[in-house]
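The values are calculated or read from the model by the stated rules, or taken from the named source; none is laboratory data. Because the structure is predicted, anything quoted here is derived from the model rather than measured. In this analysis, Cβ positions are derived from the backbone assuming ideal geometry, glycine residues included, and neighbour counts consider all displayed protein chains.
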Amino acid sequence: MPPTPRGPKRPASTKPGMKPSQEAPQVPDPPPVPARTGASRRLGVPMPAGPEVFANPVGSSDLGVGVAIAADASTGGTVTARKAGGLRDMGLGVDPETVGVKAALQHLAKAVNIAFQTDYGENYLEVVYQAAIVRNGEILIVHKEYFGFGDSWFSQLGMLFQSMQLTLEGPDAASPEGQKRIIEKGPSTIRGLFNLIGRKLDLVTEFEDRVPAYVEQMFDRLEGSGIIVGWDREDWEITTTAIGLNIRISPRAKDEAAAEVVI
């Protein structure tokens, strides 16, 4: 008897009346995250997604422990020293006997500029002063009304004209209080002239008299936060310029500082 012909075989996973099972689509593997090189760090290329692992350097005796730093997306995804340390514990040496006069001047000027940008002054200094520079062996903190003038004779004459113009606007116009008074009550030439005479005769107080104390307070705060180390008021002389309201900070001689302590 001849064999009965049969149709094609049905898959084992199916039954009569049911559709064959479909296979799940193949999902391609994600592309590998490119490694971050030194050039990409210097050029400010954003960090790739996910934490970045720093392996133990070759030749180091430390344990091979990996450190992962995950940047918060809300802060821009960049970890910097300013965010991590908050500009604290910089340890700028300002003792002339330890780091030298030149380095101490540079460090003090840098600390003043940091203070003006981060509100370490807290006593009106950052309101009217722009920046600190090192010039002729001393630090010059420049008032915003006299910014740009140099040391030449013409610059001094220009500062004198600027000072007279401010006096005609109102009493002590270069100070924060004087500027606020002019904005609220308007210019007053007569009161400005009388106030100038009183200030030169030491009959009335002025902002210039409080500037040295404000500068010392600012350096005290900078030392307390660890930005500068070795700060001593006896090592520095803080005055203002004869023309204008710029601040001068110069190293004090040892014999002069010792004589002041004895007195």
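Any residue at all in region 132-141 that's at pLDDT 85 or above, of a type in the set (A, V, I, L, M) and in a loop (DSSP other than H, G, I, E, B)? Walk me through it before giving the result.
Residues of region 132-141 that are at pLDDT 85 or above, as a first pass: 132-141.
Now narrow it down to the ones that are of a type in the set (A, V, I, L, M): 132-134, 139-141.
Those left that are additionally in a loop (DSSP other than H, G, I, E, B): none.
Among the residues of region 132-141, not one is at pLDDT 85 or above, of a type in the set (A, V, I, L, M) and in a loop (DSSP other than H, G, I, E, B), which makes the answer no.
Restricting attention to region 133-176, the residues that are surrounded by 12 or more Cβ atoms within 10 Å (Cβ to Cβ) and touching a residue at least 40 places away in the same chain (Cβ under 8 Å) total 17.
Reported count of residues in region 203-220, each being closer than 20 Å to Q117 by Cα and touching a residue at least 12 places away in the same chain (Cβ under 8 Å), is 8. Residues in region 173-209 that are part of a loop (DSSP other than H, G, I, E, B), within 26 Å of R135 (Cβ to Cβ) and modelled with pLDDT of 85 or more: A173, A174, S175.
Checking G224 against (1) surrounded by 13 or more Cβ atoms within 10 Å (Cβ to Cβ); (2) within 25 Å of the chain's Cα centre (by Cα): exactly one of these is not met. Which one? Among (1) surrounded by 13 or more Cβ atoms within 10 Å (Cβ to Cβ); (2) within 25 Å of the chain's Cα centre (by Cα), G224 violates only (1).
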